[in-house]
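Here's the structure, in structure tokens; my notes come after.
The values are calculated or read from the model by the stated rules, or taken from the named source; none is laboratory data. Keep in mind that this is a model prediction, so the values were computed, not measured. Don't worry about glycine lacking a Cβ; one is built from the backbone with ideal geometry, like all the others, and counts go over all protein chains shown.
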Amino acid sequence: MTNIILCGGSGTRLWPISRTLMPKQFVKLFDDKSLFQLTVERNSKLCDKNFIVSNAEQYFLAQDQLEENSTFNIQNSTFLLEPIGRNTAPAIALACMQLDFDEIVLVTPSDHLIKDEKEYEKVLKKAKEFASENKLVTFGITPTFAETGFGYIETVNEFDVKAFHEKPNFEIATSYLKAGNYYWNSGMFCFKAGVFLDELKNYSPEIYEKSKIAFENATNTNNLIRIKHEDMANIPEDSIDYAVMEKSNIVKVIPSNISWSDVGSFDSLSDECEVLSAKCYEEGSENNFYHNDNDNKIIATIGLKDFIVIDTRDALLIAKKGETQKVKNIVEKIKHSTSHLALSTHLTGYRPWGSYTVLEESNGYKIKKIEVNPGKRLSLQKHFHRSEHWIVVSGTATVTVGDEKRLVRPNESTYIKAGELHRLENEGKIPVVLIEAQVGEYTGEDDIVRVEDDYQRLC
């Protein structure tokens with residue numbers, strides 16, 4: 001069985017912890033593990049291979065997190081990179097086209113939490129039985145309260161689907177809970193790759209045909225499949241539910257009481273962990289949830305009850321418990337403000353070669369700490385609007401500026417003028433740490449032209 005892991009979500013409902021370039025599935029929230037790592041860990045016990053569907057930025061995050069765990073065999077992982085998202089139906093279809101017709105696949109999001117793994121194994125065993133009988137299987141989560149943020153699956157005769165229902169209002173959700181034959185739609189599926197593709201071709205032929213063209217035109221080497229932007233853009237956007245599951249007559253549902261959470265809001269996150277990494281002091285405060293990603297900052301509250309306090313280096317969120325679904329409204333407002341960059345990235349950004357942290361920024365300059373992992377190098381690049389000063393703090397950097405290549409050691413520096421081709425490389429055995437001072441009229445991350453790149457990134 002192959003685990004198709006969908007990594008495409010941006011997770012903005014957990015902003016400011018989750019950002020576009022560091023979505024919630026890769027944030028280490030649980031015992032220094034990410035939801036993505038927990039997904040791989042959980043399903044590797046039950047599946048032979050991983051098939052990870054992501055975009056280019058998430059590809060490198062996923063690679064790094066797979067390599068962090070020595071028990072994960074990255075050679076058993078195939079990556080499919082989407083240049084743009086087209087929802088779950090095309091993502092799953094493209095992955096299935098790489099597999100044999102009779103290969104049973106388990107489709108899971110990368111950002112869900114499942115705590116009852118013994119029951120999970122039982123549920124998957126039943127799902128595999130139905131999949132072997134050429135059924136499309138979905139997993140219905142036994143509801144514990146009248147949730148309005150999920151779609152519901154209405155059942156008859158335990159495993160048969162009567163209907164799929166959109167997210168209800170509270171009154172309707174309450175009636176679903178009382179009825180006892182309605183389940184939360186988990187977004188997890190199990191079926192034979194070929195059976196799914198046949199149903200997709202039957203019920204959503206345009207998605208199937210355009211996906212087939214995109215797959216055939218893709219570059220496919222070394223367990224890495226890259227879809228071309230134009231081909232991906234031509235595929236109609238639709239979810240697997242709308243495209244297939246709500247139309248097919250071979251769908252089965254497995255009622256699943258597996259201690260599941262989509263960790264889709266700070267309310268649900270606070271239900272799963274009491275307090276995240278926080279130096280917190282309370283006086284007359286109770287039933288609050290805190291997160292603080294700055295070890296040097298203290299959170300102190302007086303007389304605060306039933307609040308969520310999320311403090312990151314560049315953003316602070318304070319919300320009443322029960323109201324955190326409205327974070328999406330805040331995100332929309334920020335999109336239309338001058339602070340929109342706070343939605344895409346943290347002050348610390350991760351790259352395939354290492355990471356950078358913005359230490360200070362103002363008009364005309366930016367100061368960063370850059371860390372380059374052993375054996376890695378940045379692209380050969382240039383900038384139009386800024387010059388850069390590099391001061392090495394630790395490790396030995398191999399620096400190329402124009403036609404000159406030299407070693408720069410701790411307490412040594414180099415200077416790159418605007419427009420000069422340059423590259424930073426770590427040929428040593430320990431990380432290279434340096435301070436970069438950018439000076440210029442524009443210091444945005446998009447002021448970069450890559451001439452050569454080990455990671456095949458675009459300019």
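Against the criterion of being charged (D, E, K, R) and under 30 Å from Lys328 (Cβ atoms), Lys125 does not qualify.
At least 2 residues being over 30 Å from Gln75 (Cα atoms), more than 22 Å from the chain's Cα centre (by Cα) and not acidic (Asp, Glu) is the threshold, and among the strands (runs of 3 or more DSSP E) wholly inside the stretch 217-317 those reaching it are 251-256, 280-283, 289-292, 299-302, 307-311. If only residues of the stretch 197-220 that are closer than 26 Å to Gln58 by Cα and of a type in the set (Phe, Trp, Tyr) are counted, the one that is surrounded by the most Cβ atoms within 10 Å (Cβ to Cβ) is Tyr208.
Number of residues in the stretch 322-354 that are under 19 Å from Ser394 (Cβ atoms) and either at pLDDT below 90 or assigned by TED's automatic domain parsing to the domain that holds Asn292 (or both) equals 2.
Within the stretch 391-429, the set of residues being touching a residue at least 24 places away in the same chain (Cβ under 8 Å), assigned to a loop (DSSP other than H, G, I, E, B) and closer than 16 Å to Lys369 by Cα comprises Gly395, Thr396, Asn426.
None of Asn87, Asn69 is within 21 Å of Lys24 (Cβ to Cβ), in contact with a helix residue (DSSP H, G or I) (Cβ under 7 Å, 6 or more places away or on another chain) and surrounded by fewer than 21 Cβ atoms within 10 Å (Cβ to Cβ) except Asn69.
Test Glu57 against the criterion of being among the acidic types (Asp, Glu) and within 12 Å of the chain's Cα centre (by Cα), and give yes or no. Steps first, please.
Values: among the acidic types (Asp, Glu): yes; within 12 Å of the chain's Cα centre (by Cα): yes.
So Glu57 fits the description; yes.
Filtering the stretch 355-366 to residues that are assigned to a strand (DSSP E or B) and either of a type in the set (S, T, N, Q) or modelled with pLDDT of 95 or more (or both) leaves Ser355, Thr357, Ser362.
When Glu41, Glu67 are checked against the criterion of being charged (D, E, K, R), farther than 28 Å from Pro236 by Cβ and at pLDDT below 90, Glu67 stands alone in meeting it. Selection of the stretch 196-211 for residues being touching a helix residue (DSSP H, G or I) at 6+ places or on another chain (Cβ under 8 Å) and touching a residue at least 24 places away in the same chain (Cβ under 8 Å) yields Phe196, Leu197, Glu199, Leu200, Tyr203, Ser204, Ile207, Tyr208, Lys210, Ser211. The test for being polar (S, T, N, Q), loosely packed, with under 13 Cβ neighbours inside 10 Å and over 23 Å from Phe266 (Cβ atoms) does not hold for Asn373.
In this structure, Glu57 qualifies as of a type in the set (Asp, Glu), assigned to a helix (DSSP H, G or I) and surrounded by 18 or more Cβ atoms within 10 Å (Cβ to Cβ).
In the stretch 78-92, the residues that are within 13 Å of Tyr242 (Cβ to Cβ) and touching a residue at least 12 places away in the same chain (Cβ under 8 Å) reach residues that are hydroxyl-bearing (Ser, Thr, Tyr) and surrounded by 24 or more Cβ atoms within 10 Å (Cβ to Cβ) with C-beta atoms within less than 9 angstrom, at least six apart or across chains, in these pairs: Arg86/Ser211; Ala89/Ser211; Pro90/Ser211. Annotation: Arg406 fulfils all but one of (1) surrounded by fewer than 17 Cβ atoms within 10 Å (Cβ to Cβ); (2) under 36 Å from the mean Cα position of the chain (by Cα); (3) over 24 Å from Gly440 (Cα atoms); (4) not aromatic (Phe, Trp, Tyr); the unmet one is (2).
Return the residue satisfying two criteria in turn: it lies in the stretch 129-148 and is hydrophobic (A, V, I, L, M, F, W, C) and touching a helix residue (DSSP H, G or I) at 6+ places or on another chain (Cβ under 6 Å), and of such residues it is surrounded by the most Cβ atoms within 10 Å (Cβ to Cβ). Walk me through how you get there before you give the answer.
First, pick out the residues of the stretch 129-148 that are hydrophobic (A, V, I, L, M, F, W, C): 130-131, 136-137, 139, 141, 145-146.
Then drop every residue that is not touching a helix residue (DSSP H, G or I) at 6+ places or on another chain (Cβ under 6 Å), which leaves 137, 146.
Working: Val137: 27, Ala146: 16.
Per the criteria, the residue is Val137.
Residue by residue through the stretch 221-260, note down the ones that are free of Cβ contacts under 8 Å to residues at least 12 places away in the same chain and either hydroxyl-bearing (Ser, Thr, Tyr) or surrounded by 15 or more Cβ atoms within 10 Å (Cβ to Cβ) (or both). Talk me through it step by step, then tell me what you get.
Looking only at the stretch 221-260, we keep the residues that are free of Cβ contacts under 8 Å to residues at least 12 places away in the same chain, and these are 221-222, 230, 249.
Within the stretch 221-260, just Thr221 meets the criteria.
Picking from residues in the stretch 71-117 that are part of a strand (DSSP E or B) and among the β-branched types (Val, Ile, Thr), the one that is nearest to the chain's Cα centre (by Cα) is Thr108. If the condition is being surrounded by fewer than 17 Cβ atoms within 10 Å (Cβ to Cβ) and among the charged types (D, E, K, R), then the stretch 298-312 contributes Lys305, Asp306. For the stretch 367-390, a tally of residues being out of contact with any strand residue (DSSP E or B) (no Cβ under 7 Å at 6 or more places or on another chain) and either over 20 Å from Ser413 (Cβ atoms) or assigned to a strand (DSSP E or B) (or both) returns 3.
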